[in-house]
Amino acid sequence: MNNELDLCTLIQEFGSEEKCRTYLEKLRWPKGIHCPSCGSDKISRIAARNQFDCDACRYQFSATAGTIFHDTHLPLWKWFLATYLLCESRKGMSANQLSRMLKTTYKTAWYLSHRIRAAMLETTPKKLGGTVEIDETYVGGKPRKWRDRPEKQVVIGIRQRNGDLRLIHAEDAKSATVREIIKANIGSQVEVIVTDESATYPWALDKMQKNLHRTINHSKEYAHGDVHTNTVESAFSLLKRGIVGTWHKVSAKHLPAYLDEMCFRFNNRKNPYLFRDTMLKLIDSPNLEYKQLTAKIEDAA
Ligand SMILES: [Zn+2]
(Lines give C-alpha, C1' and ligand atoms only; values in the text may rest on other atoms or scores of the structure.)
Protein backbone atom coordinates (compact mmCIF):
# COMPACT_ATOMS: atom_id res chain seq x y z
CA MET A 1 0.00 0.00 0.00
CA ASN A 2 1.08 3.58 -0.65
CA ASN A 3 2.47 5.74 2.10
CA GLU A 4 -0.19 8.38 1.78
CA LEU A 5 -3.58 6.88 2.44
CA ASP A 6 -6.38 8.98 1.08
CA LEU A 7 -10.07 8.19 1.12
CA CYS A 8 -10.13 7.02 -2.52
CA THR A 9 -7.28 4.60 -1.97
CA LEU A 10 -8.95 3.40 1.20
CA ILE A 11 -12.16 2.53 -0.66
CA GLN A 12 -10.21 0.92 -3.49
CA GLU A 13 -8.12 -1.20 -1.16
CA PHE A 14 -10.58 -1.92 1.63
CA GLY A 15 -13.98 -1.56 -0.01
CA SER A 16 -15.03 -5.14 0.68
CA GLU A 17 -14.96 -7.67 3.52
CA GLU A 18 -12.67 -9.89 1.51
CA LYS A 19 -10.09 -7.17 0.91
CA CYS A 20 -10.10 -6.20 4.59
CA ARG A 21 -9.70 -9.81 5.61
CA THR A 22 -6.72 -10.29 3.26
CA TYR A 23 -5.11 -7.16 4.67
CA LEU A 24 -5.57 -8.39 8.25
CA GLU A 25 -4.01 -11.71 7.27
CA LYS A 26 -0.93 -9.92 5.92
CA LEU A 27 -0.62 -7.74 9.01
CA ARG A 28 -1.05 -10.64 11.43
CA TRP A 29 1.16 -13.12 9.61
CA PRO A 30 3.69 -11.14 7.54
CA LYS A 31 5.78 -14.30 7.09
CA GLY A 32 2.84 -16.53 6.15
CA ILE A 33 -0.09 -17.88 8.11
CA HIS A 34 0.64 -20.11 11.05
CA CYS A 35 -1.50 -21.82 13.63
CA PRO A 36 -2.19 -19.76 16.80
CA SER A 37 -2.49 -23.00 18.74
CA CYS A 38 0.60 -25.05 17.79
CA GLY A 39 2.59 -22.66 15.57
CA SER A 40 2.63 -24.95 12.54
CA ASP A 41 2.69 -23.31 9.11
CA LYS A 42 0.97 -26.22 7.38
CA ILE A 43 -2.42 -24.59 6.96
CA SER A 44 -5.38 -25.31 4.70
CA ARG A 45 -7.84 -22.63 3.79
CA ILE A 46 -11.59 -23.25 4.18
CA ALA A 47 -12.63 -20.53 1.78
CA ALA A 48 -16.38 -20.91 2.22
CA ARG A 49 -16.17 -20.11 5.93
CA ASN A 50 -13.26 -17.64 5.86
CA GLN A 51 -11.37 -20.02 8.10
CA PHE A 52 -8.12 -21.91 8.26
CA ASP A 53 -7.55 -25.45 9.33
CA CYS A 54 -4.24 -26.46 10.90
CA ASP A 55 -2.95 -29.64 9.25
CA ALA A 56 -0.89 -30.50 12.32
CA CYS A 57 -3.39 -30.09 15.19
CA ARG A 58 -6.69 -29.59 13.30
CA TYR A 59 -7.31 -26.27 15.09
CA GLN A 60 -9.63 -24.07 13.10
CA PHE A 61 -9.25 -20.31 13.16
CA SER A 62 -9.88 -17.14 11.18
CA ALA A 63 -7.94 -13.96 10.45
CA THR A 64 -9.90 -12.16 13.16
CA ALA A 65 -9.71 -14.92 15.80
CA GLY A 66 -8.50 -13.65 19.15
CA THR A 67 -8.56 -10.02 18.02
CA ILE A 68 -10.80 -7.05 18.72
CA PHE A 69 -12.47 -7.63 15.32
CA HIS A 70 -13.81 -11.00 16.36
CA ASP A 71 -17.36 -11.41 17.64
CA THR A 72 -18.31 -8.04 16.34
CA HIS A 73 -21.43 -7.61 14.30
CA LEU A 74 -19.83 -4.78 12.48
CA PRO A 75 -18.44 -5.45 8.99
CA LEU A 76 -14.67 -5.19 8.81
CA TRP A 77 -14.79 -2.37 6.28
CA LYS A 78 -16.63 -0.21 8.85
CA TRP A 79 -13.86 -0.88 11.37
CA PHE A 80 -11.31 0.11 8.73
CA LEU A 81 -13.16 3.27 7.75
CA ALA A 82 -13.68 4.31 11.39
CA THR A 83 -9.98 3.78 12.13
CA TYR A 84 -9.04 5.81 9.08
CA LEU A 85 -11.36 8.65 10.07
CA LEU A 86 -10.07 8.75 13.65
CA CYS A 87 -6.46 8.78 12.40
CA GLU A 88 -7.06 11.51 9.87
CA SER A 89 -9.31 14.05 11.56
CA ARG A 90 -6.97 16.46 13.24
CA LYS A 91 -9.53 17.63 15.75
CA GLY A 92 -10.99 14.21 16.36
CA MET A 93 -14.40 12.88 15.49
CA SER A 94 -17.49 12.62 17.66
CA ALA A 95 -19.52 9.45 18.02
CA ASN A 96 -22.45 11.33 16.48
CA GLN A 97 -20.49 12.17 13.36
CA LEU A 98 -19.15 8.63 13.12
CA SER A 99 -22.60 7.08 13.48
CA ARG A 100 -23.90 9.24 10.61
CA MET A 101 -20.94 8.40 8.37
CA LEU A 102 -21.00 4.66 9.06
CA LYS A 103 -24.78 4.34 9.32
CA THR A 104 -24.60 2.68 12.72
CA THR A 105 -26.43 3.45 15.93
CA TYR A 106 -24.93 6.07 18.22
CA LYS A 107 -24.13 3.38 20.77
CA THR A 108 -22.19 1.29 18.23
CA ALA A 109 -20.24 4.31 17.01
CA TRP A 110 -19.48 5.41 20.56
CA TYR A 111 -18.24 1.97 21.59
CA LEU A 112 -16.24 1.60 18.36
CA SER A 113 -14.48 4.94 18.73
CA HIS A 114 -13.57 4.19 22.34
CA ARG A 115 -12.00 0.88 21.38
CA ILE A 116 -10.01 2.45 18.55
CA ARG A 117 -8.97 5.27 20.89
CA ALA A 118 -7.78 2.74 23.49
CA ALA A 119 -5.67 1.03 20.84
CA MET A 120 -4.06 4.34 19.89
CA LEU A 121 -2.46 4.61 23.33
CA GLU A 122 1.28 5.11 23.42
CA THR A 123 2.31 2.06 25.38
CA THR A 124 5.78 3.17 26.37
CA PRO A 125 6.16 6.86 25.68
CA LYS A 126 9.77 8.00 25.75
CA LYS A 127 10.81 10.85 27.99
CA LEU A 128 11.13 14.27 26.41
CA GLY A 129 14.43 16.14 25.99
CA GLY A 130 15.98 19.12 24.19
CA THR A 131 13.97 22.31 24.58
CA VAL A 132 10.76 21.58 26.45
CA GLU A 133 7.78 23.87 27.06
CA ILE A 134 5.39 23.30 29.95
CA ASP A 135 2.05 25.01 30.50
CA GLU A 136 -1.32 24.25 32.05
CA THR A 137 -4.83 24.82 30.81
CA TYR A 138 -8.38 24.22 32.05
CA VAL A 139 -11.05 22.44 30.08
CA GLY A 140 -14.68 21.38 30.24
CA GLY A 141 -17.00 21.57 33.14
CA LYS A 142 -20.51 22.63 32.34
CA PRO A 143 -22.54 23.27 35.47
CA ARG A 144 -25.21 20.63 36.09
CA LYS A 145 -27.54 23.12 37.70
CA TRP A 146 -27.43 26.79 36.97
CA ARG A 147 -26.08 27.55 40.42
CA ASP A 148 -23.28 24.96 40.40
CA ARG A 149 -19.78 26.08 39.72
CA PRO A 150 -18.43 24.32 36.63
CA GLU A 151 -15.86 21.67 37.41
CA LYS A 152 -12.88 22.63 35.31
CA GLN A 153 -10.31 19.92 34.66
CA VAL A 154 -6.61 20.69 34.75
CA VAL A 155 -4.53 19.62 31.77
CA ILE A 156 -0.75 19.88 31.89
CA GLY A 157 0.89 20.13 28.48
CA ILE A 158 4.54 19.33 27.85
CA ARG A 159 5.94 19.79 24.39
CA GLN A 160 9.41 19.08 23.11
CA ARG A 161 10.16 21.60 20.37
CA ASN A 162 10.14 19.82 17.01
CA GLY A 163 9.19 16.72 18.92
CA ASP A 164 6.46 15.01 20.86
CA LEU A 165 3.58 16.34 22.88
CA ARG A 166 2.18 15.04 26.18
CA LEU A 167 -1.19 16.12 27.55
CA ILE A 168 -1.85 14.92 31.07
CA HIS A 169 -5.06 15.18 33.05
CA ALA A 170 -3.92 16.40 36.48
CA GLU A 171 -5.76 16.26 39.77
CA ASP A 172 -4.84 19.90 40.39
CA ALA A 173 -2.19 22.42 39.36
CA LYS A 174 -0.25 22.34 42.63
CA SER A 175 3.54 22.09 42.57
CA ALA A 176 3.62 18.59 44.07
CA THR A 177 1.27 17.25 41.38
CA VAL A 178 3.12 19.01 38.56
CA ARG A 179 6.44 17.75 39.93
CA GLU A 180 5.34 14.12 39.57
CA ILE A 181 4.14 14.77 36.01
CA ILE A 182 7.41 16.44 35.07
CA LYS A 183 9.39 13.60 36.61
CA ALA A 184 7.45 11.03 34.59
CA ASN A 185 7.70 12.87 31.27
CA ILE A 186 10.96 14.80 31.09
CA GLY A 187 14.24 12.89 30.87
CA SER A 188 17.86 13.72 31.59
CA GLN A 189 18.39 14.76 27.94
CA VAL A 190 16.55 18.01 28.57
CA GLU A 191 18.50 21.18 27.74
CA VAL A 192 16.07 24.04 28.33
CA ILE A 193 12.73 24.19 30.16
CA VAL A 194 10.44 27.11 29.32
CA THR A 195 7.35 28.04 31.35
CA ASP A 196 5.44 31.20 32.18
CA GLU A 197 6.11 32.99 35.45
CA SER A 198 3.61 30.95 37.44
CA ALA A 199 4.84 30.25 40.96
CA THR A 200 4.11 26.54 40.46
CA TYR A 201 7.15 25.72 38.36
CA PRO A 202 10.12 26.73 40.52
CA TRP A 203 8.71 24.36 43.17
CA ALA A 204 7.94 21.63 40.70
CA LEU A 205 11.41 21.40 39.17
CA ASP A 206 14.32 19.48 40.66
CA LYS A 207 17.76 20.99 41.17
CA MET A 208 19.13 20.04 37.75
CA GLN A 209 15.98 21.25 35.99
CA LYS A 210 16.02 24.58 37.84
CA ASN A 211 19.34 25.44 36.22
CA LEU A 212 17.76 24.96 32.80
CA HIS A 213 14.59 26.91 33.60
CA ARG A 214 13.69 30.01 31.54
CA THR A 215 10.48 31.96 32.05
CA ILE A 216 8.41 34.28 29.94
CA ASN A 217 6.33 37.02 31.48
CA HIS A 218 3.01 36.77 29.67
CA SER A 219 1.70 40.07 30.98
CA LYS A 220 4.53 41.77 29.07
CA GLU A 221 5.27 39.67 25.99
CA TYR A 222 4.53 36.41 24.21
CA ALA A 223 8.09 35.61 23.29
CA HIS A 224 11.54 36.74 24.22
CA GLY A 225 13.74 35.40 21.46
CA ASP A 226 13.64 31.66 21.88
CA VAL A 227 11.95 31.85 25.24
CA HIS A 228 8.25 31.19 24.66
CA THR A 229 5.58 28.57 25.23
CA ASN A 230 3.89 29.09 21.87
CA THR A 231 4.18 25.52 20.64
CA VAL A 232 2.51 23.98 23.69
CA GLU A 233 -0.16 26.69 23.56
CA SER A 234 -0.95 25.90 19.94
CA ALA A 235 -1.52 22.28 21.01
CA PHE A 236 -3.92 23.55 23.71
CA SER A 237 -5.90 25.52 21.16
CA LEU A 238 -6.20 22.40 18.98
CA LEU A 239 -7.41 20.49 22.04
CA LYS A 240 -10.00 23.12 22.84
CA ARG A 241 -11.28 23.27 19.31
CA GLY A 242 -11.60 19.49 19.48
CA ILE A 243 -13.52 19.57 22.73
CA VAL A 244 -15.75 22.47 21.79
CA GLY A 245 -16.25 21.68 18.13
CA THR A 246 -16.17 17.92 17.96
CA TRP A 247 -16.76 16.23 21.26
CA HIS A 248 -19.01 18.97 22.71
CA LYS A 249 -18.47 17.79 26.23
CA VAL A 250 -16.04 15.35 27.65
CA SER A 251 -16.63 13.78 31.02
CA ALA A 252 -13.72 13.78 33.45
CA LYS A 253 -13.65 10.00 33.21
CA HIS A 254 -13.00 9.99 29.46
CA LEU A 255 -10.75 13.06 29.33
CA PRO A 256 -7.49 11.04 29.60
CA ALA A 257 -8.56 8.90 26.61
CA TYR A 258 -9.25 12.00 24.50
CA LEU A 259 -5.93 13.53 25.54
CA ASP A 260 -4.10 10.35 24.57
CA GLU A 261 -5.87 10.26 21.24
CA MET A 262 -4.89 13.86 20.52
CA CYS A 263 -1.27 13.25 21.45
CA PHE A 264 -1.11 10.09 19.41
CA ARG A 265 -2.39 11.86 16.30
CA PHE A 266 -0.19 14.87 16.94
CA ASN A 267 2.95 12.81 17.52
CA ASN A 268 2.25 10.80 14.40
CA ARG A 269 1.50 13.80 12.21
CA LYS A 270 4.46 12.98 9.98
CA ASN A 271 4.01 9.21 10.06
CA PRO A 272 2.92 8.04 6.59
CA TYR A 273 2.11 4.61 8.03
CA LEU A 274 -0.26 5.84 10.73
CA PHE A 275 -3.23 3.83 9.47
CA ARG A 276 -1.23 0.60 9.26
CA ASP A 277 0.36 1.22 12.66
CA THR A 278 -3.04 1.80 14.26
CA MET A 279 -4.40 -1.36 12.63
CA LEU A 280 -1.44 -3.29 14.06
CA LYS A 281 -2.21 -1.88 17.50
CA LEU A 282 -5.87 -2.84 17.10
CA ILE A 283 -4.93 -6.42 16.26
CA ASP A 284 -2.89 -6.62 19.44
CA SER A 285 -5.22 -4.70 21.69
CA PRO A 286 -7.35 -6.37 24.35
CA ASN A 287 -11.08 -6.02 23.89
CA LEU A 288 -12.51 -3.25 26.03
CA GLU A 289 -15.80 -4.38 27.50
CA TYR A 290 -18.75 -2.08 26.96
CA LYS A 291 -19.57 -2.57 30.66
CA GLN A 292 -16.14 -1.31 31.65
CA LEU A 293 -16.47 1.82 29.52
CA THR A 294 -19.90 2.74 30.77
CA ALA A 295 -19.29 2.06 34.46
CA LYS A 296 -20.09 5.10 36.57
CA ILE A 297 -20.61 7.39 33.63
CA GLU A 298 -22.87 10.29 34.28
CA ASP A 299 -22.43 12.03 30.99
CA ALA A 300 -20.92 10.02 28.19
CA ALA A 301 -18.83 11.99 25.78
ZN1 LIG B 1 -2.03 -26.20 14.96
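The values are calculated or read from the model by the stated rules, or taken from the named source; none is laboratory data. Bear in mind that the values here come from a model prediction, so they are computed numbers and not experimental data. In this analysis, Cβ positions are derived from the backbone assuming ideal geometry, glycine residues included, and neighbour counts consider all displayed protein chains.
For the stretch 57-67, the count of residues that are more than 21 Å from the chain's Cα centre (by Cα) and either under 30 Å from Asn185 (Cβ atoms) or buried (at least 19 other Cβ atoms within 10 Å of the Cβ) (or both) is nonzero. Of the residues making up the stretch 63-94, those that are within 16 Å of the ligand (Cβ to nearest atom) and free of Cβ contacts under 8 Å to residues at least 40 places away in the same chain are Ala65, Gly66.
Output the number of residues of the stretch 195-213 satisfying the condition of being assigned to a helix (DSSP H, G or I) and under 30 Å from the mean Cα position of the chain (by Cα). Walk me through how you get there before you give the answer.
Of the stretch 195-213, the ones assigned to a helix (DSSP H, G or I) are 200-204, 207-211.
Now restrict to residues that are under 30 Å from the mean Cα position of the chain (by Cα): 200-201, 204, 209.
Result for the stretch 195-213: 4.
Within the span defined as the stretch 214-231, one or more residues are outside any helix (DSSP H, G or I) and within 28 Å of the chain's Cα centre (by Cα).
Residues that are more than 22 Å from the chain's Cα centre (by Cα) and not charged (D, E, K, R): does the stretch 72-87 have at least one? Please lay out each step first, then the result.
So the first thing to find is which residues in the stretch 72-87 are more than 22 Å from the chain's Cα centre (by Cα), and the list is 73, 75.
Those still in the list that are not charged (D, E, K, R) too: 73, 75.
Yes: one or more hits.
Pairs meeting the criteria (first residue in the stretch 1-20 and part of a helix (DSSP H, G or I), second residue modelled with pLDDT under 85, beta carbons under 7 Å, at least 6 apart or on different chains) are Thr9/Asn2; Glu13/Met1. Among residues of the stretch 20-52 being within 16 Å of the ligand (Cβ to nearest atom) and crowded, with 16+ Cβ neighbours inside 10 Å, the one that is farthest from the chain's Cα centre (by Cα) is Ile43. Restricted to helices (runs of 4 or more DSSP H) entirely inside the stretch 51-124, those with at least 1 residues that are hydroxyl-bearing (Ser, Thr, Tyr) and over 25 Å from Cys8 (Cα atoms) are 106-119.
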